[in-house]
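What follows is a set of notes on a single structure, which appears directly below.
Computed from the coordinates by the stated procedures, all read-outs in this text should not be read as laboratory data. Predicted, not measured: the structure shown is a model, and the values here were computed from it. Methodologically, a virtual Cβ is constructed for each residue, glycine included, from the backbone with ideal geometry; neighbour enumeration extends over all protein chains shown.
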Amino acid sequence: MGKKVIEIENLFVELDGITVLENVNLTVNEYDFLGIIGPNGGGKTTFLRVLLGLVKPARGKVRIMGNPVEKNRHLLGYVPQYAVFDRSFPISVEEVVVSARLARKQGIRFSNEDYRIAASALERVEMLPLRSRQMGELSGGERQRVLVARALAVQPRILLLDEPTASVDSRFAAGFYELLRELNREMTLILVSHDISAVSSYVKTLACMNRTLYYEHSRELNREMIENTYNCPVDLIAHGIPHRVLPPHDGVVGS
Ligand SMILES: Nc1ncnc2c1ncn2[C@@H]1O[C@H](COP(=O)(O)OP(=O)(O)OP(=O)(O)O)[C@@H](O)[C@H]1O
Ligand SMILES: [Mg+2]
């Protein structure tokens with residue numbers, strides 16, 4: 001077992017007087033790759049925001065590498081679920097990525113080292129050739145890659161990704177998961193996604209979040225876990241490989 005990088009005990013979160021997360025308990029070890037799936041509104045994004053110190057828990061303990069969130073949030077890289085860009089806002093790809101370095105410094109001037117780190121992050125997501133492009137001139141998938149580069153420019157120990165493949169095509173998604181596999185050699189990953197089938201073949205551990213966290217120390221989904229979370233019947237798991245087969249049932253529009 002590796003070092004514990006995230007420890008959560010008895011976490012409760014309330015938003016607008018409503019309990020959004022309740023009694024979440026989780027330990028993530030260094031170099032783990034945790035996938036979190038769950039229905040819309042299940043609390044996945046809120047959970048990541050708690051780790052980032054953007055949402056205060058009503059109750060419970062959250063530790064990042066042994067310290068309270070405020071002390072260690074610089075160890076976290078974050079790729080948000082929705083990146084709303086004003087397309088007319090003049091900012092280049094390189095500027096977006098290097099701006100991640102601001103969190104690490106006192107002044108506002110970037111050093112050559114900052115630009116070197118930004119370039120290397122862009123290289124990893126194959127966006128270096130477009131470094132001078134305006135953000136408003138990128139496709140959705142290209143923008144997503146830039147946001148991953150931005151998170152990497154923080155040089156995080158833990159990378160949080162919220163639906164990072166939502167707007168990328170399947171070719172890029174496959175390459176993207178390979179990139180995550182590579183990054184996972186250097187850092188701990190937590191990936192939130194709706195796409196059970198994509199996630200489950202890459203992550204090491206899978207959890208379901210629906211108000212609370214259902215957590216197994218294996219990547220294999222089991223029916224009970226999914227049914228508890230989604231509250232719907234699922235046919236899956238053949239030879240350890242989950243299939244995305246959701247039989248029609250109330251509340252879900254079948255295809
Ligand atoms: N700022 C807020 N104030 C009040 N309620 C909120 C706020 N943010 C989120 N919620 C509510 O908290 C619940 C969990 O939302 P959250 O965004 O964490 O879900 P999610 O699992 O990320 O969903 P999705 O799959 O749609 O992204 C939802 O019911 C949502 O309406
Ligand atoms: Mg979300």
Order of 114-120, 72-78 by packing, highest average Cβ count within 10 Å first?
-> 72-78, 114-120
Among 3/44; 3/71; 44/71, the pairs whose Cα-Cα distance exceeds 20 Å are 3/44; 44/71
Mean separation of Cα contacts under 8 Å, 6 or more apart, over the residue count of segment 32-166: relative contact order % | 33
Label points 7 Å out from Cα along the Cβ direction at residue 71 and residue 166: separation in nm?
-> 3.4
Any idea what the relative contact order of segment 4-230 is, in percent, if you count C-alpha pairs under 8 Å spaced at least 6 apart?
-> 28
